[in-house]
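Sharing a structure with you now.
The values are calculated or read from the model by the stated rules, or taken from the named source; none is laboratory data. Because the structure is predicted, anything quoted here is derived from the model rather than measured. Cβ sites come from the backbone with ideal geometry, for glycine too, and all protein chains shown count toward neighbours. Calculation scope for accessible area: heavy atoms of the full protein, side chains included, ligands and nucleic acids excluded. Shrake-Rupley method; radii C 1.70, N 1.55, O 1.52, S 1.80 Å.
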Amino acid sequence: MKRSDSLIKTYKETPADSDSINAAFLTRASFIEKHAAGVYALLPLGLRVYSKIENIVREEMNAVLGQEILMNVLQPKELWDETDRWNGMSEVMYQFKDARGKDIGLGATHEEQVVDIARHHISSYKDLPLSLYQIQTKFRNEPRAKSGLLRGREFIMKDMYSFHLDDADFKSYYQKVIKAYFRVFERCGISAKLVEASGGVFSEFSHEFQTLSDTGEDTIYYCDKCDFAQNKEIAKVSGGDKCPKCDGKIIEAHSIEVGNIFPLGDKYTKAMNLKVLDKNGKEISPIMGCYGIGLTRVLGTIVEIFHDNDGILWPDSVAPFTVNLISLGKNQTAEKIYASLIDAGVEVLYDDRDDVTAGEKFADADLIGCPIKIVVSERAENAGGVEISDRKKTKTEIVKEDGVLDYIKQLK
């Protein structure tokens, strides 16, 4: 993509209503646009990053035999009445009457609808286990909409629901999803911890995936040696205590929740009369699990973790472009490099603008945060090629023009 053809309009100043690092940098760098509290649009750069996160999530959910569906945003009251949740969700769920006077809600979560789908399509043990997921916009009347993409009223989420004949099968699948979630976050560049958390009547196996961040609104206690970790809400330990699982030390830290998984038991299948026949011909209510990842929340979390004073430091796997190519009065040479990289399948943002200074181009490159920067200039040509550096500013080299592609491949 060429800057001269793009919708990228960066800002030097942080918007007055930016209440977090991710909101500030993503807005200034033209990844998102705020339209109301907790309501953001994804602009071209933001959508490129989001799409990469989405693809990672989809690949890992498919790998644990999740089948993708797409459920409805509009939810009829009658469906929620079956589980007696319509009134209980009124504070967080957007509810209204349509033109026919029917009560409708905007989907805040989809347990009811996925069970409704399942009861029309499964009837036997031969149909189980079954795991269905979607990637869709959720709407929640969040009273504390804040922190940019971390706590919104409209956001994109992957929610998956599994159905099992018995608790043993559920627990086995639960462990598979834990591993899949770790793969998701690792591929997104995030180091996550599996944290025990409150879950009401389902608390025994309720877990959050938390990543350490000084700006996080959660507090967790974790061991410096083993995998023990608990959310402050249920913690029976404090910072400095001895770990209850080993001889390690308990550390207190702020964190951001990037995913959660928990059992639903037969709460929804019983309430909605979903029955299947087991191998002995006996009717049972399947056991369910629920598994969520906020995709736009992950996007915001990455920025909270990976940034410096100048802008974003995107991990390679989710960066909007691999290369930010800058021409300083050497458009002919830059065009050749741009074409060769595009032909090789390298994602390139080419700053071909002639009406801005070199300083502005460099500042924009740092703000947007592509992993690799290539500068084509007279100074670099006099030194024997073009200047290539990484966004972390740990390495800068002059590379011959015909060696640019090979050099980038070894950097990646």
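Kindly state which helices (runs of 4 or more DSSP H) lie completely within the range 1-101 and contain at least 1 residues that are under 30 Å from Asp127 (Cβ atoms) and touching a strand residue (DSSP E or B) at 6+ places or on another chain (Cβ under 8 Å).
Result: 44-63, 77-81.
Let me ask you something else. Just one of (1) open to solvent by 30 Å² or more (accessible area, probe 1.4 Å); (2) without any contact (Cβ under 8 Å) to a residue 40 or more places away in the chain trips up Ser340, so point out which.
Looking at each condition in turn, Ser340 falls short on (2).
Still on this model: If you take the residues in the range 61-88 that are of a type in the set (Val, Ile, Thr) and touching a Leu at 6+ places or on another chain (Cβ under 7 Å), which one is nearest to Gly289 (Cα to Cα)?
Ile69
Here is a follow-up. Of these, Ser255, Ser238, which one is of a type outside the set (Asp, Glu) and within 23 Å of the chain's Cα centre (by Cα)?
From the options Ser255, Ser238, the qualifying one is Ser255.
Looking only at the range 351-370, how many residues end up being open to solvent by 40 Å² or more (accessible area, probe 1.4 Å), part of a loop (DSSP other than H, G, I, E, B) and among the charged types (D, E, K, R)?
Number of matching residues: 3.
Right, here's the next one. Those residues that are surrounded by fewer than 19 Cβ atoms within 10 Å (Cβ to Cβ), acidic (Asp, Glu) and in contact (Cβ under 8 Å) with a residue 12 or more places away in the chain, I need them from the range 371-412; list them, please.
Of everything in the range 371-412, those that are surrounded by fewer than 19 Cβ atoms within 10 Å (Cβ to Cβ), acidic (Asp, Glu) and in contact (Cβ under 8 Å) with a residue 12 or more places away in the chain turn out to be Glu378, Glu381, Asp390, Glu401.
Any chance you could count how many residues in the range 91-112 are in contact with a Pro (Cβ under 8 Å, 6 or more places away or on another chain) and basic (Lys, Arg)?
Looking only at that region, the number is 1.
Right, another one. Looking only at the range 34-53, filter to residues that are over 21 Å from Leu349 (Cα atoms) and crowded, with 20+ Cβ neighbours inside 10 Å; which one of those is modelled with the highest pLDDT?
Looking at residues that are over 21 Å from Leu349 (Cα atoms) and crowded, with 20+ Cβ neighbours inside 10 Å, I get Tyr40.
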